[in-house]
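Visitor: What follows is a single structure, and I will ask about it in a moment.
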Amino acid sequence: MRIDPVLQMVCTRYRERLGWPVVADPANNSPRIFVGDLISAVVVPVAEAKALLSRALEADVRCAVFSDALGTRWTFLVRPSLAPLFGSGGFPVLARGAYVALPALPGHPLATGLRWVVEPQPLDTLSDLAGLAGVAAPRAA
């Protein structure tokens, strides 16, 4: 299957600028990243995601966040670590080996339907999963 040159350019930019191991998914015309040694992904319904992002920013937990095409779920990308079950809502941490379709980088036209809520940062500047899990845990009164 032929890979769109714009898609290939977006994947190259992810790798060169951010250090993300992004590959092209020509069937869906989108860049994608595999969950594993370098990145973890947590999918959260939008109502809870807004509160989680607010707590993460307040606690200086750095993550990249994007919205699905319908705006109903946000995906938080962080570095992997051992973390307890994620939040009282049971937000799923995607399994190792899964892949996540990504929005295009800002300034690069690619119609994936996904959009960045918090723009991506280099892998080494992202917080780890345990940090995000810490702010997702319910606060004691």
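Visitor: Taking the convex hull of the Cα atoms, report for the chain its projected area averaged over all directions, in nm².
Guide: Projected over every direction and averaged, the Cα hull of the chain covers 8.4 nm².
Visitor: Averaged per residue, what accessible surface does the chain expose to a 1.4 Å probe, in Å²?
Guide: 52
Visitor: So what are the ³J(HN,Hα) numbers for segment 28-36, from phi and the Karplus equation (6.51, -1.76, 1.60; θ = phi - 60°), rounded to whole Hz, Gly and Pro as x?
Guide: Result, rounded to whole Hz: 10, 6, 9, x, 9, 10, 8, 7, x.
Visitor: Give me the extension gain from Leu70 to Val46: residue separation times 0.36 nm, minus the current Cα-Cα distance, reported in nm with one decimal.
Guide: So the chain would gain 7.6 nm between Leu70 and Val46.
Visitor: Please compute the modelled spin-label separation between Asn29 and Val118, points set 7 Å along Cα→Cβ, answer in nm with one decimal.
Guide: Placing both labels 7 Å along Cα→Cβ, they lie 3.0 nm apart.
The values are calculated or read from the model by the stated rules, or taken from the named source; none is laboratory data. This structure is a prediction, so every number in the text was calculated from the model and none was measured. As a convention, Cβ positions derive from the backbone with ideal geometry for all residues, glycine included, and neighbour counts pool all protein chains shown. What goes into the accessible areas is simple: the full protein's heavy atoms, side chains included, and nothing from ligands, DNA or RNA. Shrake-Rupley method; radii C 1.70, N 1.55, O 1.52, S 1.80 Å.
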